[in-house]
1. Just checking, does the stretch 215-223 include any residue being of a type in the set (V, I, T), in contact with a helix residue (DSSP H, G or I) (Cβ under 6 Å, 6 or more places away or on another chain) and farther than 17 Å from F272 by Cα?
2. May I ask you to list the residues in the stretch 238-253 that are surrounded by fewer than 17 Cβ atoms within 10 Å (Cβ to Cβ) and either under 20 Å from D188 (Cα atoms) or not assigned by TED's automatic domain parsing to the domain that holds I222 (or both)?
3. Out of the stretch 145-155, which residues are surrounded by 20 or more Cβ atoms within 10 Å (Cβ to Cβ) and either acidic (D, E) or under 14 Å from the mean Cα position of the chain (by Cα) (or both)?
4. Being out of contact with any Ser or Thr (no Cβ under 6 Å at 6 or more places or on another chain) and under 21 Å from R227 (Cα atoms): is that true of P99 here?
5. Return a yes/no flag: does the stretch 164-171 have any residue that is crowded, with 16+ Cβ neighbours inside 10 Å, at pLDDT below 95 and not hydrophobic (A, V, I, L, M, F, W, C).
6. Filter the stretch 79-91 for residues that are in contact (Cβ under 8 Å) with a residue 40 or more places away in the chain and farther than 19 Å from Q136 by Cα; which is surrounded by the fewest Cβ atoms within 10 Å (Cβ to Cβ)?
7. Assess whether G131 counts as being outside the structural domain of V52 (by TED's automatic domain parsing), surrounded by fewer than 22 Cβ atoms within 10 Å (Cβ to Cβ) and among the small types (G, A, S).
8. In the stretch 105-128, is there at least one residue being in a loop (DSSP other than H, G, I, E, B), over 30 Å from A259 (Cα atoms), without any contact (Cβ under 8 Å) to a residue 40 or more places away in the chain and more than 21 Å from the chain's Cα centre (by Cα)?
Amino acid sequence: MRKPLIAIAAAALLLGLAACGTAKAPDTTPAGNEKAADALATVTDPVLGDLVVDDEGYVLYRFDADASEPPKSNCSGECAVKWPPSPAVDAAKLTGIDPAILGSFTREDGSKQAMLSNYLLYRFAGDSAPGQTNGQGVGGKWWAVKPDGKRAGKAPAANGPLKTIDDPRLGTIVVDSEGFVLYRHKGDTDDPMASTCNGECAAAWPPVGEISTDASGVKARITSFKRADGTVQSSLDCWPLYRFAKDTKPGEVTGHGGANGTFFAVTPDGKFANGGKPL
């Protein structure tokens with residue numbers, strides 16, 4: 001599965017912060033290794049090039065929703081079942097990787113997770129055999145890791161512009177460049193722009209990264225802000241935007257009224273579709 005990664009546009013970010021405010025990142029402190037668990041090595045994939053694998057030969061990935069300065073994981077609960085954290089590794093158990101970029105991070109459950117260049121490493125449960133890369137590009141946020149800790153594969157392009165569709169029940173609503181319906185969260189704020197959807201919430205409702213401001217049929221201003229985890233999220237009329245992980249095809253609106261009536265599809269002027277009421 002390969003989807004373009006959402007690129008960060010600095011000019012739009014600065015404009016958004018000036019107009020709507022920003023949120024501060026929490027202070028997290030990574031800890032050193034406790035007990036070394038696995039080894040890390042490299043393999044050469046015919047498409048992606050050199051990749052990092054664990055001691056069983058399974059490809060490791062990094063998550064764009066994680067933060068690196070300071071390190072912070074935003075994959076827990078069901079997310080961590082699908083993307084198991086890779087245990088901390090002793091520097092003596094590296095092959096083809098510079099020990100200087102190796103680190104470890106203490107997760108909320110007390111376990112130690114391996115890092116390369118301050119990015120946390122994960123397996124993908126969908127890889128059923130060593131060397132598989134089924135996790136590459138999943139959700140536009142998961143990427144196989146190169147030996148220097150960077151994302152593998154071609155540099156991602158900027159995400160395309162927003163569009164609108166006519167839903168028979170909700171009227172005109174906003175979708176992303178791939179046609180997936182976008183949502184707002186009642187718990188968020190617009191001034192300053194801030195999201196209250198983190199951790200397991202963000203896994204179920206993935207924040208929309210930086211997008212083109214050249215939208216078709218969208219009346220409200222598109223801007224962006226920095227989330228508490230250090231990543232960038234786009235907003236419409238200063239309200240943070242999300243996809244819903246259970247929408248499996250373009251135009252599907254299964255998230256409207258979801259999470260106990262707190263998430264709703266969005267109209268072109270940035271308001272809740274159907275007046276913020278479930279169907």
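The values are calculated or read from the model by the stated rules, or taken from the named source; none is laboratory data. Because the structure is predicted, anything quoted here is derived from the model rather than measured. With ideal geometry, Cβ positions are generated from the backbone for all residues, glycine too; neighbour counts draw on all protein chains shown.
1. Within the stretch 215-223, one or more residues are of a type in the set (V, I, T), in contact with a helix residue (DSSP H, G or I) (Cβ under 6 Å, 6 or more places away or on another chain) and farther than 17 Å from F272 by Cα.
2. Once the filter is applied, which keeps residues that are surrounded by fewer than 17 Cβ atoms within 10 Å (Cβ to Cβ) and either under 20 Å from D188 (Cα atoms) or not assigned by TED's automatic domain parsing to the domain that holds I222 (or both), the stretch 238-253 yields only A245.
3. R151
4. no
5. no
6. So the residue we want is D90.
7. When the stated conditions are applied, G131 does not pass them.
8. Within the stretch 105-128, one or more residues are in a loop (DSSP other than H, G, I, E, B), over 30 Å from A259 (Cα atoms), without any contact (Cβ under 8 Å) to a residue 40 or more places away in the chain and more than 21 Å from the chain's Cα centre (by Cα).
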